1. Here are the criteria: (1) more than 16 Å from the chain's Cα centre (by Cα); (2) on the phi < 0 side of the Ramachandran plot; (3) not polar (S, T, N, Q). Tell me which single one residue 171 does not satisfy.
2. Under 9 Å between Cβ atoms, at least 6 apart or on separate chains: pull out the pairs that start in the stretch 183-198 with a residue that is in contact (Cβ under 8 Å) with a residue 12 or more places away in the chain and assigned by TED's automatic domain parsing to the domain that holds residue 152 and end on any residue that is in a helix (DSSP H, G or I) and hydroxyl-bearing (Ser, Thr, Tyr).
3. Which members of the stretch 175-200 meet the condition of being more than 12 Å from residue 138 (Cβ to Cβ) and either in contact with a strand residue (DSSP E or B) (Cβ under 7 Å, 6 or more places away or on another chain) or β-branched (Val, Ile, Thr) (or both)?
4. Scan the stretch 38-61 and tell me whether some residue there is among the acidic types (Asp, Glu) and in contact (Cβ under 8 Å) with a residue 40 or more places away in the chain.
5. Could you pull out every one of the helices (runs of 4 or more DSSP H) wholly within the stretch 1-81 that has 1 or more residues that are of a type in the set (Val, Ile, Thr) and more than 20 Å from residue 166 (Cβ to Cβ)?
6. From the list 164, 168, exactly one residue is loosely packed, with under 13 Cβ neighbours inside 10 Å, modelled with pLDDT of 85 or more and assigned to a helix (DSSP H, G or I). Which is it?
7. When the residues of the stretch 67-81 are filtered to those that are among the aliphatic types (A, V, I, L, M) and free of Cβ contacts under 8 Å to residues at least 60 places away in the same chain, which remaining residue is surrounded by the most Cβ atoms within 10 Å (Cβ to Cβ)?
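The values are calculated or read from the model by the stated rules, or taken from the named source; none is laboratory data. All figures in this text were calculated on a predicted structure; none of them were measured in a lab. Counting neighbours? That spans all protein chains shown, and the Cβs are built from the backbone with ideal geometry, glycine included.
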Amino acid sequence: MVRNEIDREDAQCIERFLAGDDRAFEELLFRYQRRIFNLALRFLRVPDEAEDVTQEIFVKVFRSLEGFRGDSKFSTWLYMVAANHCRNRIKYLKRRHYYDGESLDAPIDDDDGPRRQYAANDPDPAELVSAERTRIAVRKAIDRLNDDHREAIVLCDLQGLSYEEIAEITGQAVGTVKSRIHRARSELAKMLKPLVEAEGVG
């Protein structure tokens, strides 16, 4: 489904919801819940916290949707609400030293579902192990970025949002967004260089 179609369906769901159809909100929840959870998980790095924040975000959206004026796309507004919630929770947790001594080597289950069984014509198991090792390394590297850089790279490279959308969500100028993404990618490249060299890539 292309983005314009999604935007239209979002607008239709909001119209139905405002007309009293609660099922319309369930459709929005189904469409975005996993994406917002993954966003919260990448921000907060703790699955339990991400689950709690995701619930809070959608409660906030449910209560605030009547006041949504449509000045921006629903998805952009939703990400703005989500990012603000995540930033506030990070500040709260840091004030309580929640992350002190936290190990970033612990696995985070951020998949969309259980791993499937592979058929005989699937990639070689060694390739799958290598791909999984790379995925985990990239995830750990993203977790080590500072908050601003991690936010920018998650919204851009993991959520697929445009520079303009990220600027609206974060309240930063487009130039600042581009700079943060560039720096984040540079930092990731440095952190992942040993893995790339070990795999014999490049």
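1. Residue 171 satisfies every listed condition except (2).
2. From residues that are in contact (Cβ under 8 Å) with a residue 12 or more places away in the chain and assigned by TED's automatic domain parsing to the domain that holds residue 152, the pairs are 192/134; 195/134.
3. Scanning the stretch 175-200 gives 176, 177, 181.
4. Yes, that holds for at least one residue.
5. Filter on the stretch 1-81 gives 3-18, 47-64.
6. Of 164, 168, the one residue that is loosely packed, with under 13 Cβ neighbours inside 10 Å, modelled with pLDDT of 85 or more and assigned to a helix (DSSP H, G or I) is 164.
7. The residue in question is 78.
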